[in-house]
Amino acid sequence: MELEAKFRVPDRATLERLVAVPRLDGYDLGPPRARHDEDVFLDTADGRLLAAGYYLRRRRNADGLRITLKELANGTRDGLLRREEHELCAGAELLPSDWPEGPLKQRLTRIVGEADLRPILALAQERRTRAVSLEGRLVAELSLDIVIVDAEAHAGRWYEAEVEATEDAPGAELVRLATALREAWGLSPESRAKFTHALALSAEAAP
């Protein structure tokens, strides 16, 4: 289960200030680490994953290839998102039938059966991540993202900040970090996944 807080960032200048600020409400922020992600989202021809409230993402970056099946939303509490998430690392482009047995493959099979998957959407993001710690203890990761949908068609670009708690961090600390981003930085909570936002923009840009 993923536990995170997501926010819309109004402009590039605000994003860059968050990249540079040393502390956030008493928490130390580590140096930013840059990463470029290329994401492709897959679904069946009749949209079974989207209808079931999930998306399947194939992400490629310098670390390799990662497949993620994620719930679109699972309600909010204290401004936080709690969503089912399953991941696996792949050394090459593999058909789902060749993926190792595990929770991701089992959940996917229950939703789509034997139906073929095809690409439905692509986006890229420039992500800078910062470790969030308190008295030397890692509690979360802050991600600062520039998201681009369909660069050739200029379908859209926006900025986001995400804070994801570590597995052993209490939820109260994530609430405190989320409150600081909302109140001290004036950021608006974002309940949509990047996939949902990108899907809407691509539909608007379609002829």
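Observations on the model:
- Cut-off 14 Å between beta-carbons: net charge of the residues surrounding residue 21, Lys and Arg +1, Asp and Glu -1: +1
- Using alpha carbons only, the radius of gyration of the stretch 2-205 set against its Kirkwood radius gives Rg/Rh = 0.97.
- Applied to the stretch 107-124, the Karplus parametrisation 6.51 cos²θ - 1.76 cosθ + 1.60 on θ = phi - 60° returns per-residue 3J(HN,Hα) values of 5, 4, 5, 5, 8, 9, x, 9, 5, 6, 9, 9, x, 10, 6, 9, 8, 10 Hz, with x for Gly and Pro.
- Backbone amide hydrogens, once placed in the peptide plane, bring residue 156 within less than 5 Å of 149, excluding anything fewer than 5 places away on its chain.
- Highest-MSF residue in the chain out of 182, 137, 128 [GNM, Cα springs under 10 Å]: 137
Taken together, the values in this text are just the output of simple stated rules run on the coordinates, not laboratory data. Nothing here was measured: the structure is a model prediction, and the numbers come from that model. With ideal geometry, Cβ positions are generated from the backbone for all residues, glycine too; neighbour counts draw on all protein chains shown.
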